[in-house]
Amino acid sequence: MSAYSYLAKVLVDKYDVDEDKIRPEATLTDLGLDSLMVVEFLFDVEDEFNIEVPDDRAEFETLAEAATLIDELIEVKGD
Amino acid sequence: MGRRVFITGLGLIAPHGEDPASIFDRIYQGDSAVRLVRSGTADFGSDLPLATVDFTPKDRISKKQQLFMARASQMAVVAAEGALQSSGLLGEGQSIEDGEIGVYMGCGLGGAEILQEGYRTYFVRQSRRGRPSTVPMIMASGPASHISMRFGLHGPTHTYSIACASSTVAIGEAFRAIRDGYLDTALSGGAEAMLNDGSIAAWERLGVLASSHMDGPERSSRPFDLERTGLVLGEGAVLLVLEAESALRERGVDPIAEIIGYGVSSDAFSLTEPHAAGQEAAMRSAITDADIEREEVQYVNAHATGTPSGDPIEIEAIKNVFEDHASNLAVSSTKSVHGHLVGASGALEAAITAIALQKGRIPPTANLTHPDPCCDLDCVPGYGREAPELTVAVSNSFAFGGSNATLVLRKV
């Protein structure tokens, strides 16, 4: 599963986000997640893809940016 | 004398269910909610009589909220909603209009199962990657905070973590705050959910838990009975709405019962052993606080957990406080059917006592078939008793660590 589809699935399944609201340009704040929820959300993502998001890279704004970052980290890990 | 304080709503998530009237009926009939429960794994577990709650947050708390709430908090917010609705402060599909409501909660271990999971990750999976939300989920103050956030209550949000006396102290402190004019309305009670494998194993090692009784596990909680073997742990959340007389008159609602006194003391004696002198001090202080004569008290909802050391000490303390009047008292331990909810026990027993006053019915000590000669008061064995004249009742909670708390309630 691509990072973007996984992010979308977790947001819908675990965070009650309305599927219609999930768009590449939406931010996690737009989708109703507070700072603790974002940290927990990233924790899920890290576990799923067996990656670690470095603190200085966790400053994405939108879902598309998050997905790009995660795809990149997956690729780096694969090298 | 300060302002009068009334109980105007009850919300229960209890071993006997959620509806206050039917819970009381079952308790009145001596119908036990204790069952044999397997904890731990097949080869590393234990079968114990416990009073678990049949509760699921599904369809009651959003999935997103559930992720960040330990079981005690989940039960607490649902119980709080029930209490607010039954008081009339929260209508169906409405929100609270006056947010200046206080939240006074008791809780012992907070998110005990979340802490267990964190330790499992660290020690068993040998990983430092525990859940980021572990810390805010294990706080004993979690249930109070979640109630405040869920209903937009901006008054003081306090948690008293005083072992078995937690929620009695919470109710007593809320009562005082209202009586003294610091606030008009409070949600007060307790929540506890510590029936996870690690916590149960720790309790077992303390040597105070009841083993299953030969007549069936539901008969295992036996306060005042010679065949008692210890206490039966329970879980649950119980919330009371407390209101100043002026507030409930303004709303035109009928209260369930009045709280008229609260007393506390410390044994300064032992971490686990009870001490009659301290218990007596709490009861005397509560009776003085209520500004009544001790002869006016008719019923004592005892702390009595069913341990061989605890029950006789409480009976001794009651005899010392009430002297000649002790033999006129009805003294029962409803823990015989709902177990010991630790941080939520005092709130459940205060709720039961309030309903007892409202209905004029004294709940029994179930499973009391072979009375301990040391417990030679009228302990209302087996089945409840009609008591239309019941007017004043006392509810005791005596904690590990020697903190004692007593509430005095009156019929309205």
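The values are calculated or read from the model by the stated rules, or taken from the named source; none is laboratory data. Note that the structure is a prediction, hence the values are computed from the model and not measured. Glycine also receives a Cβ, built like all others from the backbone with ideal geometry; neighbour counts cover every protein chain displayed. Ligands, DNA and RNA are stripped out before the accessible areas are found, and what is left, the full protein with its side chains, is counted by its heavy atoms. Shrake-Rupley method; radii C 1.70, N 1.55, O 1.52, S 1.80 Å.
Of the residues A:V39, A:V76, A:V10, only one is of a type in the set (A, V, I, L, M, F, W, C), more than 14 Å from chain B (Cβ to nearest Cβ), in a helix (DSSP H, G or I) and surrounded by fewer than 17 Cβ atoms within 10 Å (Cβ to Cβ); which?
Step by step, each of A:V39, A:V76, A:V10 is checked, and only A:V76 is of a type in the set (A, V, I, L, M, F, W, C), more than 14 Å from chain B (Cβ to nearest Cβ), in a helix (DSSP H, G or I) and surrounded by fewer than 17 Cβ atoms within 10 Å (Cβ to Cβ).
Filter the range B:293-302 for residues that are touching a residue at least 60 places away in the same chain (Cβ under 8 Å) and either open to solvent by less than 10 Å² (accessible area, probe 1.4 Å) or outside any helix (DSSP H, G or I) (or both) and give the result.
Initially, the range B:293-302 is screened for residues touching a residue at least 60 places away in the same chain (Cβ under 8 Å), giving B:296-302.
Within the range B:293-302, B:V297, B:Q298, B:Y299, B:V300, B:N301, B:A302 meet the criteria.
I need the full set of residues from the range A:52-72 which are crowded, with 17+ Cβ neighbours inside 10 Å and either within 10 Å of chain B (Cβ to nearest Cβ) or assigned to a loop (DSSP other than H, G, I, E, B) (or both), in order please. Give the derivation first.
Our first condition is that a residue be crowded, with 17+ Cβ neighbours inside 10 Å; within the range A:52-72, this holds for A:53, A:60, A:63, A:66-67, A:69-70.
Listed by number, the residues that qualify are A:V53, A:F60.
Residue by residue, here is whether (1) crowded, with 19+ Cβ neighbours inside 10 Å; (2) away from chain A (no Cβ under 14 Å) holds:
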site: B:M69; (1), (2): yes, no
site: B:A79; (1), (2): yes, yes
site: B:I96; (1), (2): no, yes
site: B:F123; (1), (2): no, yes
site: B:S127; (1), (2): no, no
site: B:V135; (1), (2): no, no
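Inside the range A:13-36, can you point out the residues that are out of contact with any helix residue (DSSP H, G or I) (no Cβ under 9 Å at 6 or more places or on another chain), of a type in the set (D, E, K, R) and within 13 Å of chain B (Cβ to nearest Cβ)?
The one that is out of contact with any helix residue (DSSP H, G or I) (no Cβ under 9 Å at 6 or more places or on another chain), of a type in the set (D, E, K, R) and within 13 Å of chain B (Cβ to nearest Cβ): A:D34.
Any chance you could count how many residues in the range B:303-359 are basic (K, R), surrounded by fewer than 24 Cβ atoms within 10 Å (Cβ to Cβ) and under 18 Å from the mean Cα position of the chain (by Cα)?
The number of residues fulfilling the criteria is 0.
For B:E117, which of the numbered conditions (1) away from every other protein chain (no Cβ under 14 Å); (2) modelled with pLDDT of 95 or more fails to hold?
Of the numbered conditions (1) away from every other protein chain (no Cβ under 14 Å); (2) modelled with pLDDT of 95 or more, the odd one out for B:E117 is (1).
Residues of the range B:54-67 being in contact with a Lys or Arg (Cβ under 9 Å, 6 or more places away or on another chain) and either more than 13 Å from chain A (Cβ to nearest Cβ) or not in a loop (DSSP other than H, G, I, E, B) (or both), which ones?
So the first thing to find is which residues in the range B:54-67 are in contact with a Lys or Arg (Cβ under 9 Å, 6 or more places away or on another chain), and the list is B:55, B:57, B:61, B:63-67.
Within the range B:54-67, B:F55, B:K63, B:K64, B:Q65, B:Q66, B:L67 meet the criteria.
Could you check how many residues of the range B:87-120 are closer than 24 Å to B:G234 by Cα and under 24 Å from the mean Cα position of the chain (by Cα)?
So the first thing to find is which residues in the range B:87-120 are closer than 24 Å to B:G234 by Cα, and the list is B:103-120.
Applying the additional criterion that residues be under 24 Å from the mean Cα position of the chain (by Cα) yields B:103-116.
Of the residues in the range B:87-120, 14 are closer than 24 Å to B:G234 by Cα and under 24 Å from the mean Cα position of the chain (by Cα).
Can you tell me which of (1) in contact (Cβ under 8 Å) with a residue 60 or more places away in the chain; (2) farther than 23 Å from B:I292 by Cβ; (3) open to solvent by 60 Å² or more (accessible area, probe 1.4 Å) is the one B:T365 doesn't meet?
For B:T365, the failing item is (3).
Test of understanding: among B:E243, B:E250, B:E192, which residue is among the charged types (D, E, K, R), farther than 26 Å from B:A330 by Cβ and in contact with a Ser or Thr (Cβ under 7 Å, 6 or more places away or on another chain)? Write out each step before concluding.
Numbers: B:E250 fails: in contact with a Ser or Thr (Cβ under 7 Å, 6 or more places away or on another chain); B:E192 fails: in contact with a Ser or Thr (Cβ under 7 Å, 6 or more places away or on another chain).
After applying the criteria, what remains is B:E243.
Can you pull out every residue in the range B:388-412 that is open to solvent by 20 Å² or more (accessible area, probe 1.4 Å), in a loop (DSSP other than H, G, I, E, B) and of a type outside the set (D, E)? Steps first, answer last, please.
Just the residues of the range B:388-412 that are open to solvent by 20 Å² or more (accessible area, probe 1.4 Å), to begin with: B:388-389, B:391, B:400-401, B:403, B:410-412.
Applying the additional criterion that residues be in a loop (DSSP other than H, G, I, E, B) yields B:388-389, B:391, B:400-401, B:411-412.
Once the filter is applied, which keeps residues that are open to solvent by 20 Å² or more (accessible area, probe 1.4 Å), in a loop (DSSP other than H, G, I, E, B) and of a type outside the set (D, E), the range B:388-412 yields B:P388, B:T391, B:F400, B:G401, B:K411, B:V412.
Do we find a residue being within 14 Å of chain A (Cβ to nearest Cβ) and of a type outside the set (S, T, Y) anywhere in the range B:156-168?
Initially, the range B:156-168 is screened for residues within 14 Å of chain A (Cβ to nearest Cβ), giving none.
No, the range B:156-168 has no match at all.
Looking at B:A193, B:A144, B:A140, B:A201, can you tell me which residue is modelled with pLDDT of 95 or more, open to solvent by 10 Å² or more (accessible area, probe 1.4 Å) and touching a strand residue (DSSP E or B) at 6+ places or on another chain (Cβ under 9 Å)? Can you show your working first?
Numbers: B:A193 fails: open to solvent by 10 Å² or more (accessible area, probe 1.4 Å); B:A144 fails: open to solvent by 10 Å² or more (accessible area, probe 1.4 Å); B:A201 fails: modelled with pLDDT of 95 or more.
From the options B:A193, B:A144, B:A140, B:A201, the qualifying one is B:A140.
Give the range B:248-291 a look and list any residue that's open to solvent by 20 Å² or more (accessible area, probe 1.4 Å), among the aliphatic types (A, V, I, L, M) and farther than 15 Å from B:G172 by Cβ, or say none.
Within the range B:248-291, B:V253, B:I256, B:A268, B:L271, B:A277 meet the criteria.
Only one of these is crowded, with 24+ Cβ neighbours inside 10 Å, of a type in the set (V, I, T) and farther than 18 Å from B:A302 by Cα: B:V232, B:V241. Name it. Break it down into steps so the answer makes sense when it comes.
On the way: B:V232 fails: farther than 18 Å from B:A302 by Cα.
Being crowded, with 24+ Cβ neighbours inside 10 Å, of a type in the set (V, I, T) and farther than 18 Å from B:A302 by Cα holds for just one of B:V232, B:V241, which is B:V241.
Residue check, B:G88 against (1) under 17 Å from B:E243 (Cα atoms); (2) crowded, with 17+ Cβ neighbours inside 10 Å, all met but one. Which one?
(2)
Give all pairs with beta carbons closer than 7 Å in which a residue from the range B:35-53 that is more than 21 Å from B:G306 (Cα to Cα) meets a residue that is surrounded by 13 or more Cβ atoms within 10 Å (Cβ to Cβ) and not small (G, A, S); count only pairs at least 6 apart in sequence or on separate chains.
Close Cβ pairs (under 7 Å, with a partner that is surrounded by 13 or more Cβ atoms within 10 Å (Cβ to Cβ) and not small (G, A, S)) amount to B:R38/B:D47; B:S39/B:L48; B:S39/B:D197; B:S39/B:I200; B:G40/B:D197.
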